[in-house]
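**Student:** Please see the structure below; I have some questions.
The values are calculated or read from the model by the stated rules, or taken from the named source; none is laboratory data. The model shown is predicted, which means the values in this text are computed figures rather than measured ones. Virtual Cβ from ideal backbone geometry, glycine too; neighbours counted across all protein chains shown. Just so you know, the surface numbers come from the protein's heavy atoms only, side chains and all, with ligands and any DNA or RNA stripped out. Shrake-Rupley method; radii C 1.70, N 1.55, O 1.52, S 1.80 Å.
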Amino acid sequence: MDRFSILVGDITASDAQAIVNAANTTLLGGSGVDGAIHRSAGPDLLAECRTLGGCETGRAKLTKGYRLPAEYVLHTPGPIWRGGTYGEAALLASCYRSCLELAEEQGIETVDFPSISTGVYGYPMAQAAGVALKAIMDFLREHELPRRVRMVCHTEAAAEIYRQTYNMWYAGEKAERLLSPEGGNA
Ligand code: AR6
């Protein structure tokens, strides 16, 4: 899938049109990637977030990017990991899908995601990678926008987990479509 890639970096420096913030339900800032995004965007971001009335876990809300290179921020509160039997996977998938739906509605062309819930919220990285990649790939197969999506992992170790998961499930995707007799996308 040439519309998707995995890289290592700091998402606040991203040149995507929209970056995703792993927020909490208040949308009023926090630590981790949320803190970094608010620090880089400046106080106008918090001022806009105050007008939004929070956000439910698994949903997403859009703001401008202010001093960030990104034009927009998609804020999504991920689930807190409680062992995996409290609907965490469905909520995490919903975070990715909600951000992509909102991006598509706004005509946003490029979106960069951090690895939602895998820091303060404790979601195990390998399991989160499986959920994140499935949600993103399912969406991209059925929608033309965003035309480019990237996972921006904060560490090489995290990126390696995402790459391994991607290679296991999706690396052959384009070739399979080319080979498929009814694969109209070739
Ligand atoms: N760029 C890319 N990824 C990053 C960056 C960065 N600059 N900084 C951290 N990460 P976390 P959560 C990675 O804790 O688990 C906040 O207080 C990090 O290595 O930021 O969803 C919110 O307000 C990890 O893999 O988010 C919430 O209260 C991933 O981003 C709570 O934390 C997510 O880690 C949300 O927790």
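**Student:** Can you find, among Ser31, Leu68, Ser94, the residue farthest towards the positive end of the dipole of the chain? Put +1 on the C-beta of Lys and Arg, -1 on that of Asp and Glu.
**Tutor:** The residue sitting most towards the positive pole is Ser31.
**Student:** Roll a 1.4 angstrom probe over the protein heavy atoms and tell me the percent of accessible area of the chain that is carbon or sulfur.
**Tutor:** 51 percent
**Student:** Rolling a 1.4 Å sphere over the protein heavy atoms, what is the accessible area per residue of the chain, to the nearest Å²?
**Tutor:** Using a 1.4 Å probe on heavy atoms only, each residue of the chain averages 49 Å².
**Student:** Still on this structure, please answer the following. For Tyr123, list long-range residues whose amide hydrogen, built 1.01 Å from N in the peptide plane, is under 5 Å from its own amide hydrogen.
**Tutor:** Trp81, Thr118
**Student:** Which shape class, rounded, prolate or oblate, goes with the stretch 50-186 when its Cα gyration tensor gives a ≥ b ≥ c as root eigenvalues, a/c under 1.5 marks rounded, and past that a/b bigger than b/c marks prolate?
**Tutor:** Working: a/c = 1.78, a/b = 1.25, b/c = 1.43.
Here the stretch 50-186 falls in the oblate category.
**Student:** Oh, and also: Helix 88-105 sits at what angle to the longest principal axis of the chain, using alpha carbons and giving 0 to 90 degrees rounded to 10?
**Tutor:** Compared with the principal axis, the helix lies near 90 degrees.
**Student:** Treating only the Cβ atoms of Lys and Arg (+1) and Asp and Glu (-1) as charged, compute the dipole magnitude of the stretch 4-179 about its Cα centre; round to the nearest 20 debye. List each step's numbers first, then the result.
**Tutor:** On the way: 16 positive and 20 negative charges, 36 e Å.
So the dipole magnitude of the stretch 4-179 works out to roughly 180 debye.
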